[in-house]
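For reference, the structure discussed in these notes is given below.
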Amino acid sequence: MYITALDFGSSHIKGVIADLKKDGSLVVLKTIKKESAGIKRGEIVYPEETVKSLFEVLSEARHFDKRCLKTLVCGLSGTKSKFGLSHASVSIPRPDMEIIPEDVERVIHESMAINLPAGWQILHSLPREYVIDDMQIDDADVVGLSGKKLEANVIIISIFSSIRKNFDKVLQLVFGKKSDFSGSIIFSPLACDRAVLSKQQRELGVVLIDVGFGTTSIVVYQDGKMLLAKVLPVGAGNISNDIAIGLKCSVDAAERIKVASGCAFARDVAAKDKFNLSEFDEEHDVTISRKYVAEIIEVRAREIFGLVQAELKVLGKAGKLPAGAVVTGGGAKMPGILNVAREELKLPAQVGLPNTDEFEKNNPRLDDELSDPQMAVACGLLLQQADMLIKRHAGITPLGGGKGGGWLERGSIIAKLIRTFITLD
Ligand SMILES: Nc1ncnc2c1ncn2[C@@H]1O[C@H](COP(=O)(O)OP(=O)(O)OP(=O)(O)O)[C@@H](O)[C@H]1O
Ligand SMILES: [Mg+2]
């Protein structure tokens, strides 16, 4: 079965097409990356614009193989999203007191009975831990256990309804109301987490930082529990704007300068290192110090990690996450970014790549294309969709291995995600 994962980023739509085989293996066939339009700070604000760029992606996919469009999994992001916790309790009414899947459904359903501000809706409800008769059961499947009372602490991810409406509008404009595909919508930071973090990092305590174009998304874990998933309204696109202002050049030229010769840690750049602006913007014949550009970048990079640090302080986790910071997204490709992260967060830092061990590839080139921090969300969407489908079609032989613990562990993650499955048609 073909699956196409689509990450609707503020600068690029990233796609990964894979074949989920009957034995549970996931064979990646193709990646796609196209400039996006109509997406600001991770949120679709002009659906008609986004449709145009989505069409380009889908026509490339369709050209590759029509079956790609049957099952889509899409990432949804935006700063108008909230992470919350809810608690609910149900009694087990049967004499044998054995917990059945319907009891789990009931307790999660109860946990969703919360007061949201007007115009907000729940996107995901993910059980974080269960309590059976006052005994805590961490992140386990409680079906089959016994007790009189089942309680659940549940993570609620809610979004402002307009985000979802515009998303649905794009899909409707592309596929029409009576589309015959199925798929899911997943909060992008959760997908990024799935692709990049290991079980050990989540246990030790870690902050995942996806520095995108218009946003920086963070996910914080300790003791295997998610403490926060949040989208902040600044990203690497702001750096290009700063360079454009600093050098008085176009934003396009500034973007090229940033990628070709940017560095986020000015101390790493020699004072004599210079370039001519005409290499990037022919209207300007002026010599520019690379160190000066790095100083501009560093100010914004420090602001981004400063915002992350403020979130960690609120959680009481600043400087207290032994697995440190894992930086991903296109912004992670900027030289020097890890030094800034280390200084601002006072934590170890590393670049987070999608865990490609979980994929088979039909072409060695795909290894390079997938080992790219910009592909983290798309890879995570694919893995989560595969997790869900495998769970649904129980009986598929699980595979071992993988940074995230392989398919057996997927089972426990999808046990959570399956409840969030939203059919698009
Ligand atoms: N080699 C590079 N060096 C520096 N920056 C880079 C590099 N490659 C990409 N970027 C930056 O990464 C950003 C795009 O990253 P990404 O594709 O993760 O964002 P997005 O998903 O489109 O945005 P968002 O997640 O905010 O909606 C751009 O600002 C781009 O300039
Ligand atoms: Mg992104």
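Packing, taken as the mean count of other beta carbons within 10 Å per residue, orders the peptides 269-275, 257-263 from highest to lowest as 257-263, 269-275.
DSSP beta bridges confined to the chain are antiparallel in about 75 percent of cases.
Each of Val143, Ile92, Ser111 was scored by the projection of its Cα onto the charge dipole of region 81-161, and the greatest displacement toward the positive side belongs to Ser111; charges sit on the C-beta of Lys, Arg, Asp and Glu.
Normalised per residue, the accessible area of the chain is 43 Å², obtained with a 1.4 Å probe and no contribution from ligands, DNA or RNA.
In this structure, the pairs whose alpha-carbon distance is over 20 Å, taken from Lys66/Lys169; Lys22/Lys391; Lys258/Lys291, are Lys66/Lys169.
The convex hull around the C-alpha trace of region 136-239, projected and averaged over every direction, spans 10.3 square nanometres.
Using just the C-alpha positions of region 81-161 as equal point scatterers, what log10 of I(q)/I(0) does the Debye formula give at each q in 0.25 1/Å? The calculated log intensity ratios at q = 0.25 Å⁻¹ are -1.11.
Computed from point charges on the beta carbon alone (+1 for Lys and Arg, -1 for Asp and Glu), the dipole magnitude for the chain about its Cα centre is near 340 Debye. Charge tally for Met226 (other residues, Cβ to Cβ under 9 Å; Lys, Arg +1; Asp, Glu -1): +2.
GNM on the chain, alpha-carbon springs under 10 angstrom: the most fluctuating residue among Asp223, Asp96, Asp23 is Asp96.
Peptides 157-166, 97-106, 326-335, 187-196 ranked from most to least packed, by the mean per-residue count of other Cβ atoms within 10 Å: 187-196, 326-335, 157-166, 97-106. Above 26 Å, the calculated P(r) of region 231-351 contains 24 percent of its Cα-Cα pairs.
With contributions of -39500 (n - 2.57) from each DSSP H run of at least four residues, the per-residue ellipticity at 222 nm computed over the chain stands at -11500 deg cm²/dmol. Surface composition of region 231-351: carbon and sulfur make up 54 percent of the accessible area, probe 1.4 Å.
Note on the chain: with a GNM built from Cα contacts shorter than 10 Å, the maximum mean-square fluctuation among Ser250, Ser111, Ser11 falls on Ser250.
Peptides 373-380, 114-121, 26-33 ranked from most to least packed give 373-380, 26-33, 114-121, packing being the mean of other C-beta atoms within 10 angstrom over each peptide's residues.
Pairs from the list Lys199/Lys346; Lys225/Lys333; Lys40/Lys333; Lys14/Lys52 with a Cα-Cα gap above 18 Å: Lys199/Lys346; Lys225/Lys333; Lys40/Lys333. If every alpha-carbon in the chain counts as one equal scatterer, what log10 I(q)/I(0) does Debye give at q = 0.06, 0.08 1/Å? Relative scattering, expressed as log10 I(q)/I(0), comes to -0.26, -0.45.
The values are calculated or read from the model by the stated rules, or taken from the named source; none is laboratory data. What you see is a predicted model, and the numbers here were worked out from it, not measured in a lab. Heads up, the Cβs are rebuilt from the backbone with ideal geometry, glycines too, and the neighbour counts pull from every protein chain shown. With ligands, DNA and RNA removed, areas are computed over all heavy atoms of the protein, side chains included. Shrake-Rupley method; radii C 1.70, N 1.55, O 1.52, S 1.80 Å.
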